[in-house]
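Have a look at the structure below, then the notes.
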Amino acid sequence: MNRILMIIFFAVGFAAMADEAAPAYWKFAATPPMGWNSYDAFGDSVTEDEFLSNARYQKEHLLKHGWNYVVVDYRWYDPGAFDNNPNGRAGAELSADNFGRLLPATNRFPSAADGKGFKALADQIHEMGMKFGIHVMRGIPRQAVRANTPIEGSDFKAADAANTNNKCGWCPDMFGVDAAKPAGQAWYDSIVRLYAAWGVDFIKVDDLSSPYSEKEIEAIRNAIDKCGRAIVFSTSPGATPVNMGDHVQSHANMWRISGDFWDEWKSLDHNFDLLAAWQGHAGPGHWPDADMIPLGRIGKRSVGGNRATRFTKDEQITMMSLWALGPSPLMLGMNMPENDEWTESLLTNDEVLAVNQDVLGKQGIRVSQTYGLEVWAKDLSGGAKAVGLFNRGSVSQFDDSRAVFKSPLITRKTPGQSVAISADITGAKTLFLVVDDGGDNFVCDHADWVEPKLIGPQGEQKLTDLKWTSASCGFGKVTVGKSASGNALIVDGNNYADGIGTHSISVIEYNLPAGFTHFKAIGGLDRGGMIQKMAGSTVHFLVFTSDPAKTVEGATISISLQSLGITGSCRVRDLWKQKDLETATGDLSQSVPPHGAVLLLLRPESAL
């Protein structure tokens, strides 16, 4: 055999060995799954009509761009779910079959009547050319264990499989399963057989990753492998321990790297570091999951109340760019029929989506990190590179020179942990109440505007009797009559009925009625911040009569092409603007706004 033939022989042989070594289920998700999940909009109480409304929107608007999964999330088996109780409903009678396996609540999913389960709904989704998924909780229903129902397809009963000492810390529906027992495997085999018979293509199993349930993950993997259907397996929530990376990627198609991700900069900022920690574990068929995408209209019956996403447009571009480079699975959380033109433009940019879906499945690597300015790069098929330039610097900068009142720094050591606020608002048409983070980048500060009122010749007006124009804060939401943590307003041991609770960084805007000349209040640190074990609350209280935001210019981020492995010149395209830029040689520089991103496609001319 000549040398060339030997090289070809061994190359083909090694490729065949590598392909044989890869788990068969990796082919189920060769690129990161893309689709929609009901949780961010509808919590635990989505209905069949709401689900189908979103499925139809995805088919009509997004399917051609690659979005093809639709997933029913959390507690579809509870007939009484209505308010997204994060702890479920303890003792609720859940819909189930004679073998204890949970079934869709027919008052919410009428097509599930007569024991059909999700078969009819899955059939509708498949007819639309899409794939159907469900969320389930780890374990076996407590009601099945109490009734000791038989386990379908086996001689075991529910009590044989259950580990009653192993319970989810936040959902009362299930006991853990003793996966070391044959009965435990029989239970998982029975439910996955049922899901396969329904036509399920995707299973998100909750309460698996934090703490990490190694043996139950293995049992679920075994059950899917035996069911005869290609089902994508997603573990949740996070943070999945990085030291279990080899195990999870050899059993699941995707796994959560964070806790529940919501529309707060703090969470998005943290996901940069989480994705960096998981570098080396992604590839075709197995993906670190940065969680669902909370854009558009969310919270209709879910966390944080009915709202448009709190992410700014720059932050939305940052998130989609980071998820593309990750690459992370892309699961939308919004109520899609309410999407506006801007939101849809983010979801239909095929050039950005191609970075996420590139067939090489390479991870984005953090190339540089300096003072909140970062460069990430991802190798693409055909020799191109995707490069993300990110500005993680603060946008929460206020023009203090225009404040009509600014307090000194308020901390735990401040007498009374509060300050008296008095501001002249003569002639003002708007009022802005601002709480900053005191400069420590800690946003869980528990600040209260106590007894805020407007004063003028005609008397006093409680500010809390007026509706604000807008209200935002860096963590949670602004509340009236209670603290940001939902408790009574308590400052320095004194309980107040009238006031506004918030966290930093917070801006509350009011349109002012005519005739008032002064604003007065007490600005104080709420008891919720005093008793927490995290960093101490540090804030300033500021009052403005015009927009407090300071005009902040973008930072210039530069990177050498050599550091990206590129010699010579390369063609550059801005993927969000869908515009070709000047050919780059040597260095590449772009201005990036705070909390913003630029996503570029680089094609070395030597590879063209």
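Only the coordinates and a few stated rules stand behind these numbers; no lab work does. Every value quoted in this text rests on a predicted model; they were computed, and no experiment measured them. All Cβ positions, glycine included, derive from the backbone under ideal geometry; neighbour counts span all protein chains shown.
Straight-line reach from K378: which aspartates and glutamates have Cα under 13 Å away, leaving out those fewer than 8 places along the same chain?
Result set, ordered by chain and number: D358.
Can you give the FRET efficiency for A180 and I365, using 1/(1 + (r/R0)^6), R0 = 45 Å, r = Cβ-Cβ distance, to the nearest 0.05? Could the numbers behind the result be given before it?
Working: r = 39 Å, r/R0 = 0.86.
That gives a FRET efficiency of 0.70.
Which of rounded, prolate or oblate describes the stretch 33-356 when judged by the alpha-carbon gyration tensor and an a/c cut-off of 1.5?
It is prolate, given that a/c is not under 1.5 and a/b is the larger ratio.
Taking amide hydrogens as modeled 1.01 Å from N in the peptide plane, which residues meet the under 5 Å criterion relative to G596, leaving out close sequence neighbours?
HN-HN under 5 Å from G596: N391.
So what J values fall out for the stretch 227-236 if you push phi through Karplus, 6.51 cos²θ - 1.76 cosθ + 1.60 with θ = phi - 60°, rounded to Hz, Gly and Pro as x?
7, x, 10, 6, 10, 6, 10, 10, 9, 7
Taking a 21 Å limit on the Cα-Cα distance, which of the listed pairs K131/K577; K64/K119; K462/K520; K64/K131; K429/K467 fall beyond it?
Working: K131/K577 31 Å; K64/K119 25 Å; K462/K520 10 Å; K64/K131 14 Å; K429/K467 14 Å.
In this structure, K131/K577; K64/K119 exceed 21 Å between Cα atoms.
Which of the pairs K266/K579; K167/K204; K266/K482; K116/K181; K59/K385 have their Cα atoms more than 28 Å apart in this structure?
Details: K266/K579 31 Å; K167/K204 18 Å; K266/K482 23 Å; K116/K181 30 Å; K59/K385 31 Å.
Violating the 28 Å Cα-Cα cut-off are K266/K579; K116/K181; K59/K385.
What dipole magnitude, in Debye to the nearest 20, does the chain give about its Cα centre under +1 on Lys/Arg Cβ and -1 on Asp/Glu Cβ?
Details: 56 positive and 70 negative charges, 74 e Å.
Dipole of the chain, to the nearest 20 debye: 360 debye.
Explain nothing, just the number: dipole magnitude of the stretch 240-386 about its Cα centre with +1 on each Lys and Arg Cβ and -1 on each Asp and Glu Cβ, in debye rounded to the nearest 20.
Working: 12 positive and 19 negative charges, 47 e Å.
Charge dipole of the stretch 240-386: 220 debye, to the nearest 20.
Determine the percent antiparallel among the DSSP beta bridges restricted to the chain, to the nearest 5. Could the numbers behind the result be given before it?
Values: 90 of 115 bridges.
Bridges in the chain are about 80 percent antiparallel.
Toward the positive end of the charge dipole of the chain, about the Cα centre and with charges on Cβ (Lys, Arg +1; Asp, Glu -1), which of A81, N494, T318 goes farthest?
It is A81, whose Cα lies furthest towards the positive end.
According to the square roots a ≥ b ≥ c of the eigenvalues of the Cα gyration tensor, what is the shape class of the stretch 400-544, taking rounded for a/c under 1.5, prolate for a/b larger than b/c otherwise, and oblate for the remainder? Don't jump to the answer; show the numbers that get you there.
Working: a/c = 1.73, a/b = 1.57, b/c = 1.10.
Prolate is the answer for the stretch 400-544, as a/c is 1.5 or above and a/b outweighs b/c.
Which of C168, C473 comes first, and how do the rest follow, when ranked by fewest Cβ neighbours within 10 Å?
Fewest-to-most Cβ neighbours within 10 Å comes out as C168, C473.
Which length gain, in nm to one decimal place, applies between M530 and K467 when the Cα-Cα distance is subtracted from 0.36 nm times their residue separation? Show your work: numbers first, answer last.
Numbers: separation 63, 0.36 × 63 = 22.68 nm, distance 2.88 nm.
Using 0.36 nm per residue and subtracting the Cα-Cα distance, I get 19.8 nm.
Would you grab the residues whose amide H sits under 5 Å from the one on L332? Only those 5+ places off in sequence or on another chain, please, with H modelled 1.01 Å from N.
G35, W36, N37, I293
Give me the angle, in degrees from 0 to 90, between the Cα long axis of helix 313-325 and the longest principal axis of the Cα atoms of the chain, rounded to the nearest 10.
Between the helix axis and the principal axis of the chain, the angle is about 20 degrees.
Please list, ordered by chain and number, the residues whose modelled amide H lies under 5 Å from the amide H of W576; skip anything fewer than 5 residues away on the same chain.
L599
Pairwise over distinct Cα atoms, reciprocal of the mean inverse distance: report the Kirkwood radius of the stretch 486-608 in Å, one decimal place. Walk me through the numbers before you get to the answer.
Working: mean 1/r = 0.0500 Å⁻¹.
Kirkwood radius, the stretch 486-608: 20.0 Å.
Take the Cβ-Cβ distance between V242 and Q458 as r, set R0 to 45 Å, and report the resulting FRET efficiency rounded to the nearest 0.05.
Details: r = 62 Å, r/R0 = 1.39.
Step by step, r from the Cβ atoms, then E = 0.10.
For the pair A96 and H61, how long in nm is the line joining their label points, each one 7 Å along Cα→Cβ?
Going from the A96 label point to the H61 one covers 3.9 nm.
Determine, for F202, F175, the number of other Cβ atoms within 10 Å of each Cβ, and report the residues in order from fewest to most. Before the final figure, lay out the partial values.
Working: F202 26, F175 23.
Fewest to most other Cβ atoms nearby, the residues stand as F175, F202.
Treat every Asp and Glu Cβ in the stretch 33-356 as -1 and every Lys and Arg Cβ as +1, leave all other atoms uncharged, and give the resulting dipole magnitude about the Cα centre to the nearest 20 debye.
Working: 30 positive and 43 negative charges, 141 e Å.
Around 680 debye, computed over the stretch 33-356.
For the chain, what is the calculated [θ] at 222 nm in deg cm²/dmol (nearest 500), taking -39500 (n - 2.57) for each run of four or more DSSP H residues and dividing by its residue count? Please list the in-between numbers first.
On the way: 14 runs with 133 residues, N = 608.
Roughly -6500 deg cm²/dmol at 222 nm, from the helical runs in the chain.
Just want the ordering: E264, E344, E582, from fewest to most Cβ atoms lying within 10 Å of their own Cβ. Could the numbers behind the result be given before it?
Working: E264 21, E344 17, E582 7.
By the 10 Å Cβ count, ascending, the order reads E582, E344, E264.
Calculate one ³J(HN,Hα) per residue across the stretch 580-592 by plugging θ = phi - 60° into the Karplus curve 6.51 cos²θ - 1.76 cosθ + 1.60, and present them in order as whole Hz with x for glycine and proline.
6, 9, 5, 4, 9, 9, x, 10, 10, 9, 8, 8, 10
Can you work out the Karplus-derived ³J(HN,Hα) for every residue in the stretch 332-349? Use 6.51 cos²θ - 1.76 cosθ + 1.60 with θ = phi - 60°, whole Hz, and x for glycine or proline.
For the stretch 332-349, the Karplus curve yields 6, x, 7, 7, 4, x, 9, 4, 9, 4, 4, 4, 5, 5, 5, 8, 10, 7 Hz.
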